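Any read-out appearing in this document is the output of simple, stated calculations on the displayed coordinates, not a laboratory observation. Note that this is a predicted model, so its numbers are computed, not measured. Please note: Cβ atoms are built from the backbone with ideal geometry, for glycine as well, and neighbour counts cover all protein chains shown.
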Amino acid sequence: MEKVIVDIYFTGNNFCAHATILTGCVSTATTLDEMKKNIKEAIEFHVESSLEDGDKIPEVFKGEYELEFKLSVEALLNAYSDVFTKAALSRITGINQRQLWHYASGMRKPRPTQRKRIEDGLHRLGMELLNIGV
């Protein structure tokens, strides 16, 4: 099954998303879960309408595919702000709280090395949690 990349961003009050290979297909929502649902429906509608109109669509949409969501750092920090405090994220990533606030608010964009630190820190935490037996 092929993967379709969907980029998700945070725009102040809402999440917005677009499928990178499907020009013009976008959606917005107030929560990440709602965004995932909305963009899935938008893609299905866009593909169906394009086929009805005789427009070309990328080959991947002619078979089975799955969506892979890529969140910007700003979207990630805002989506999980009720799960992780900035203090906890600071301990997990080694990035100070003030910098994390700047990333979450969109005041600053993290360099690739900082994005990697955030990703690696969350992956380490995930691996630790997966190894817990009860």
Which residue, chosen from VAL26, ALA104, CYS16, occupies the Cα position most advanced towards the positive end of the dipole of the chain, where the dipole is computed from +1 (Lys, Arg) and -1 (Asp, Glu) charges on Cβ about the Cα centre?
-> ALA104
The long-range amide H neighbours of LEU67, using H built 1.01 Å from N in the peptide plane and a cut-off of under 5 Å, are VAL4
Taking the Cα centre of the range 1-55 as origin, sum charge times position over the Cβ atoms of Lys and Arg (+1) and Asp and Glu (-1), and report the length of that vector in debye to the nearest 20.
-> 300 debye
With a 10 Å Cβ neighbour count serving as the proxy for reagent exposure, in which order, fewest first, do SER50, SER105, SER72, SER27 appear?
-> SER105, SER50, SER72, SER27
Taking amide H positions as placed in the peptide plane 1.01 Å from N, state which residues far from ILE8 in sequence (5 or more) or on other chains have amide H under 5 Å from it.
-> LYS70, LEU71, SER72
Average Cα contact separation per residue, the range 1-94, under 8 Å, 6 or more apart, as relative contact order % | 34 percent
First select every other residue whose beta carbon is under 14 angstrom from the beta carbon of LYS3; then total the charges, Lys and Arg +1, Asp and Glu -1.
-> -4
Relative contact order (%) - the range 79-130, alpha-carbon pairs under 8 angstrom, separation at least six | 33 percent
With only Lys, Arg, Asp and Glu charged, each at its Cβ (+1 for the first two, -1 for the last two), find how big the charge dipole of the chain is about the Cα centre; round to the nearest 20 debye.
-> 1140 debye
Segment ASN13-ALA87, length gained on full extension (0.36 nm per residue, minus Cα span) = 24.4 nm
For the LEU67, LEU130 Cβ pair and Förster radius 35 Å, calculated FRET efficiency rounded to 0.05 is 0.95
So which lysines pass the test for LYS40, namely a Cα distance under 21 Å, with those fewer than 8 places away in the same chain ruled out?
-> LYS3, LYS56, LYS62, LYS70
